[in-house]
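Chemist: Have a look at the structure that comes next, please.
Only the coordinates and a few stated rules stand behind these numbers; no lab work does. None of these values were measured; they are calculated from a predicted model. Glycine also receives a Cβ, built like all others from the backbone with ideal geometry; neighbour counts cover every protein chain displayed.
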Amino acid sequence: MEVIDHGPHAWFLVRDGDALLLDARCSHGPAEYSVVIELDEAERQAYTARSKVYVDQLAQAIHESAPGVQGSTSPYRSRVLGPARANQVQQTILVWVEAHR
């Protein structure tokens, strides 16, 4: 796994083989959390075409949909990766952040 792009204080994009994994930061009042999803084919194509601008918009859409809030009807909620894979992504990000301080 490797971090291939990021939006400061908003998201990290991680490549794992052929998969692109987005760690989007969400903040709703006192609650802050990250949501990790795998980009689907349409999202991958949009990223290829529009790069960081697209990921900024996607991360904002995830944030606004509040997938981590109880009772949320976020379309991203069902796409949130399980804890083991999300932890791998977050560990990769931590190593990257430490290396880029």
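Chemist: Report the net charge of residues surrounding residue 22, where surrounding means a beta-carbon distance below 9 angstrom and charges are Lys +1, Arg +1, Asp -1, Glu -1.
Modeler: Its environment carries a net charge of -3.
Chemist: Between residue 52 and residue 94, what length in nm is gained on full extension when 0.36 nm per residue of separation is reduced by their alpha carbon distance?
Modeler: 13.1 nm is the gain from fully extending residue 52 to residue 94.
Chemist: Give me the Kirkwood hydrodynamic radius of the range 60-99, using the inverse of the mean 1/r over all pairs of distinct Cα atoms, in Å to one decimal.
Modeler: Numbers: mean 1/r = 0.0866 Å⁻¹.
Every distinct Cα pair counted, the radius reaches 11.5 Å.
Chemist: Relative contact order for the range 2-99 using alpha-carbon pairs under 8 Å, separation at least 6, rounded to a whole percent? Show your work: numbers first, answer last.
Modeler: Details: 129 pairs, mean separation 24.7, N = 98.
Relative contact order for the range 2-99 comes out at 25 percent.
Chemist: For the residues 63, 100, 28, what sequence is obtained by ranking on other C-beta atoms within 10 Å, fewest first?
Modeler: 100, 28, 63
Chemist: Which of 99, 31, 66 sits closest to the plus end of the dipole of the chain, meaning its Cα is farthest towards the positive end, when Lys and Arg get +1 and Asp and Glu get -1 on the C-beta?
Modeler: Final value for the positive-end residue is 31.
Chemist: Follow-up question, since we're still on this one. Among 50, 25, rank each residue by its count of other Cβ atoms within 10 Å, from fewest to most, as a rough exposure measure. Can you show the working numbers first?
Modeler: Working: 50 13, 25 16.
Ascending number of Cβ neighbours within 10 Å: 50, 25.
Chemist: Follow-up. On full extension of the chain, what length is gained from residue 41 through residue 5, given 0.36 nm per residue of separation minus the C-alpha to C-alpha distance?
Modeler: 11.1 nm
Chemist: For the range 16-21, take each phi angle, set θ = phi - 60°, evaluate the Karplus expression 6.51 cos²θ - 1.76 cosθ + 1.60, and give the result in whole Hz per residue in order, putting x for glycine and proline.
Modeler: After applying 6.51 cos²θ - 1.76 cosθ + 1.60, I find 10, x, 8, 7, 10, 10 Hz.
Chemist: Hey, another quick one. Of the listed values (i) 10.6; (ii) 7.8; (iii) 6.6, grab the one calculated as mean projected area of the Cα convex hull in nm² from the structure here.
Modeler: Answer label, from the structure shown: (iii).
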